[in-house]
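A quick write-up on the structure given underneath.
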Amino acid sequence: MEDLNKNQIILLVLLVSFVTSIATGIMTVSLLQVAPVEVTRNINRIVERTIETVTPANVLSSIKDKQVTTTIVINEDDSITQSVAKNIKSVVRIYEKDGLNLSTSFYGMGLVISKDGLVSADRKTIMSTNIYTAIMNDETEFKLIPIRTDKNTNFILFKVNLPPKITYTFLPVTLSDNEPKLGQTLISIGGEIENTVSVGRVVSLEMKDSIVGTSTIKYLSSIDTDVSAKDLVNGSPVLNLSGSVVGMKLGNDDLKSFTPVATLKKDIDFIIETIPKVQ
């Protein structure tokens, strides 16, 4: 031992420790094999509790999370039904009662766009002598007040005239921030009396030029689809699979075409900015 240097002594100690560990392990296994079941059970419990104490809880949680892999498959049918369910309570039917002969006609569909009862619809000629009412999805009926009818916009806004001491929960739609893409699946809601649904795809996107200052930019002017036109009415919304409104059908649109939601947003902002405080 006196002839060994420092490094050799360290290597010798490691070798002895290694051999001792192997011998200890062999002896432990041999003893456990012949030990009573109750003894081995207690030893296992001690080892498990020791591991739980030494290993942080967040590490164990991380290990468990990594061991569990969950795959959620959402098919197109589920997305369609969820999109319709999300918006159906925000769709209203608007009726116009002639103030002279008292006849009532269907004006079109409207969309609730705010929690205080603003409803957007296709712009038509508004008669000051006529009465406008909205039938909500739950059959509740409210009178409507047309807003800024003198402005030249594609859409019109109505304000629900709530009776005194009456409260009602309005559920506004979500207007999409993204333009649809070719081939994208869209869902339309129509029906003059009852809700009907049609599913189709974007077949073309019509672009137009707009001059801004000295520059010319292109903007989406129409969404052309292959949805069924059978039950489409003025104001019919068209939705994406996420449940956001991407367009509405106006009276001057082609049979299966919709005016993009960007135009709706622009008109809404313009009209709201000029809403008189007293109607």
Can you tell me which residue in region 208-226 is modelled with the highest pLDDT, limited to those that are farther than 29 Å from residue 187 by Cβ and assigned to a loop (DSSP other than H, G, I, E, B)?
-> 214
Quick check: is even one residue across region 201-214 surrounded by 17 or more Cβ atoms within 10 Å (Cβ to Cβ) and within 30 Å of residue 77 (Cα to Cα)?
-> yes
Selection from region 101-152 of residues that are in contact with a helix residue (DSSP H, G or I) (Cβ under 7 Å, 6 or more places away or on another chain) and β-branched (Val, Ile, Thr) = 112, 113, 147
Counting just the residues of region 184-198 that are without any contact (Cβ under 8 Å) to a residue 40 or more places away in the chain and part of a strand (DSSP E or B), which one comes out farthest from residue 135 (Cα to Cα)?
-> 198
Every listed condition ((1) surrounded by 18 or more Cβ atoms within 10 Å (Cβ to Cβ); (2) over 20 Å from residue 138 (Cα atoms); (3) charged (D, E, K, R)) holds for residue 159 save (2)
Determine whether residue 265 is in contact (Cβ under 8 Å) with a residue 40 or more places away in the chain and farther than 28 Å from residue 149 by Cβ.
-> no
Go through region 233-249 and give me each residue that's closer than 14 Å to residue 199 by Cβ, aliphatic (A, V, I, L, M) and either surrounded by fewer than 21 Cβ atoms within 10 Å (Cβ to Cβ) or touching a Phe, Trp or Tyr at 6+ places or on another chain (Cβ under 9 Å) (or both).
-> 238, 241, 246
For the subset of region 162-185 comprising residues that are more than 19 Å from residue 238 (Cβ to Cβ) and among the aliphatic types (A, V, I, L, M), which member is surrounded by the most Cβ atoms within 10 Å (Cβ to Cβ)?
-> 162
Could you grab the pairs with beta carbons closer than 6 Å, sequence gap of 6+ or different chains, first residue in region 143-170 and closer than 18 Å to residue 130 by Cβ, second one exposed (fewer than 12 other Cβ atoms within 10 Å of the Cβ)?
-> 145/279; 148/274
When residues of region 86-137 are limited to those that are of a type in the set (A, V, I, L, M, F, W, C) and either under 20 Å from residue 240 (Cα atoms) or in contact with a His (Cβ under 8 Å, 6 or more places away or on another chain) (or both), the one surrounded by the fewest Cβ atoms within 10 Å (Cβ to Cβ) = 88
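The values are calculated or read from the model by the stated rules, or taken from the named source; none is laboratory data. Fair warning: this is a prediction, and the values are worked out from it, not measured in the lab. Cβ atoms come from the backbone with ideal geometry, glycine included; neighbour counts cover every protein chain shown.
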